1. Could you give me the radius of gyration and the Dmax of segment 443-560, taking only the C-alpha atoms into account and expressing both in angstrom?
2. Leaving out ligands, DNA and RNA, what percent of the accessible area of segment 452-555 is carbon and sulfur, probe 1.4 Å?
3. Please work out how much length the chain gains when fully extended from Ala139 to Ser100, using 0.36 nm per residue of separation minus the C-alpha to C-alpha distance, in nm with one decimal.
4. Over the alpha carbons of segment 373-440, what is the largest minus smallest coordinate on each principal axis, giving the biggest first in Å?
5. Convex hull over the alpha-carbon atoms of segment 405-502: what's its volume per residue in Å³?
6. Could you provide, to the nearest whole Å², the per residue accessible area of segment 79-167 with probe 1.4 Å?
7. Quick one: compute a quarter of the convex hull surface over the Cα atoms of segment 1-111 and quote it in nm².
8. Please compute the alpha carbon radius of gyration of segment 467-527, then divide it by the globular-protein estimate 2.2 N^0.38 Å. Two decimals is fine.
Amino acid sequence: MIIQESRIRTKSGANAIARHVLHGPKNEAIRIMAGSDWLLHDAMREAKREKLTYGLRHIAFNPDEPMTDAQLQEFARRICHEFHGDSEHMTFVIHQKDGSTHGHLILPEWQQDHILDSRFSWIRLEKLARLEEIRLGHALVAGRHDRSIAKALRQDGKVHEAELIAALAPAQPADKPRAAYTLQAHRTAERQGLDLPKLKQLAASLWSQSDGLKSFRAALAEHSLTMCEGDRKETRPGAHIIETNDGTLIGSFTRLTKVRMAEFRKLLAEEHSPEHEKPKPDIRSTGVPVRMIAENDQTGILSAHASPPARKREPKRIKLPRRNPMLEELKRRQMEDVDRPAVMPHTPPKPLYRLILSAEEARIRRRIRRAILDQQAILDQKAPETGWAPLDRKTTIAKWRESLTPYQIQLRTSFECYVTARKEWKQATESQWQRMTGRAGKLEKICQRLLLALLEVLRFVVQALLHVVGLRPTPPEPVRSVLTEQDRPVLEDFRKRHDEEFTAMADPEKIEVWLSYRFDSLVQARQDRIWKWNKAHQPEKERARQEIARLRSKLAAPDGLMHTMAVVPPQPVMGPSP
């Protein structure tokens, strides 16, 4: 059994893990054994409230030999117990792909009053996987921490299991098995449309067919791959990685090609050695004429015969434009007008006044201006929803429809199970033999139990519908697996009160009409809230407007200060001297 763990950061949210685990398109079948996407989002909200770095822990396990759904679910509960988690809050989903099944267990990091245990989690997960293989009689898979697991089992008194696991440990510690890629890297590559295992095999095969780094780089380029130096230059100098042209990491060169780091450094040194550098160009092979001078040539006669002097280039003739007498006369007159002195029209200057204020009066004016700004801020206030982007009908309804699709499928599946059981019960009641043997009574009990389950699923689906469109503040309560006849009156009453929503969820055509009506109600409710806010704040804004007018009147110069006005004589406007 291969088991992997990854922790999902709180800031990343639960959308990506919910899409992969609950709605993975590459799976033949998806069976949700416990939990829902609402639990995942609620766990993320709790982790954000508690200011945790990680909100969810994703544990995936893939057995080498077939396991039933009950066995997989029991193994998931053992994992919860190992890390002190509450199995009531886990989300467990079984994926079926290529005929085989594997499990996905998602646990919230915040467990109501404590954080999920994470000490030596990888070793403890491998220990659980080895013990499960021994319990089911499967072939044991060698892991990276078999020695540590065997030592821990001996301390717990499980000597037999410890001996079986210790036999898997390699003779040399350096030969420990190591995963080719992490679960997170695999999921990231899948979202980008890349097959990470095939790309790793491609890189290994290209290296085996190459005779050096140069040919290997060329082979990578043919497959849209490249090799460059890694980011850890300080800790691992010389380490190189292989990535796509878009920058997606495939893996380390040494890990993919199984080349030791010392040998790789030698290959890099040989690649950068002077022997592999480009030879310097020979001056004789450039084709440039060379002036050869003999040793006994003092006058330069031989050199003159060897290379003739360079030929001087004749100066390029400039073509002058033809003269235009009328244009020259116009330019001359314009130059004469510029030289003449400008005559400025005489306009009587207006007297300029400057208000002479004391320090106290200046402080009072500053306070008045600040008060005006405070009242202006009150006038500028708007309803909180005024600045929101307008809702787009098509986008909003499409988003609602996409969120409700899984619940419609769940409701349809539960309804089909109930209809099938009811049909079998009706057929059994028509047979006298089945009534005498009690089969009809057993089928009736099954039918009633499935009816209760259908009503419970209906309650869950309607609550989800109300939450998606904003009519319910909290997510729906999870579907209860155990129901009794005492729950029937409450569920029947819920169905009667929400018959319109149930009809809409059951019919694809009616759900479109219901969502359109809900969108119009949502837009109208937003407009009503804006109108009520403006009406409630209108008296306050009117008082602010009056206060601004009163304060601005105080800023005007009073009549009693006119004697403090000093006339500033205007400066004469001087034109250019003649």
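The values are calculated or read from the model by the stated rules, or taken from the named source; none is laboratory data. Nothing here was measured: the structure is a model prediction, and the numbers come from that model. Virtual Cβ from ideal backbone geometry, glycine too; neighbours counted across all protein chains shown. All accessible areas refer to the heavy atoms of the entire protein, side chains included, with ligands and DNA or RNA removed. Shrake-Rupley method; radii C 1.70, N 1.55, O 1.52, S 1.80 Å.
1. 27.1, 104
2. Reported share for carbon and sulfur atoms: 54 percent.
3. Here the answer is 12.4 nm.
4. Over segment 373-440, Cα extents along the principal axes are 92, 23, 13 Å.
5. 105 Å³
6. On a per-residue basis, segment 79-167 sits at 48 Å².
7. Average of the hull's projected areas for segment 1-111 equals 6.4 nm².
8. Compared with the compact-globule rule of thumb, segment 467-527 sits at 1.39.
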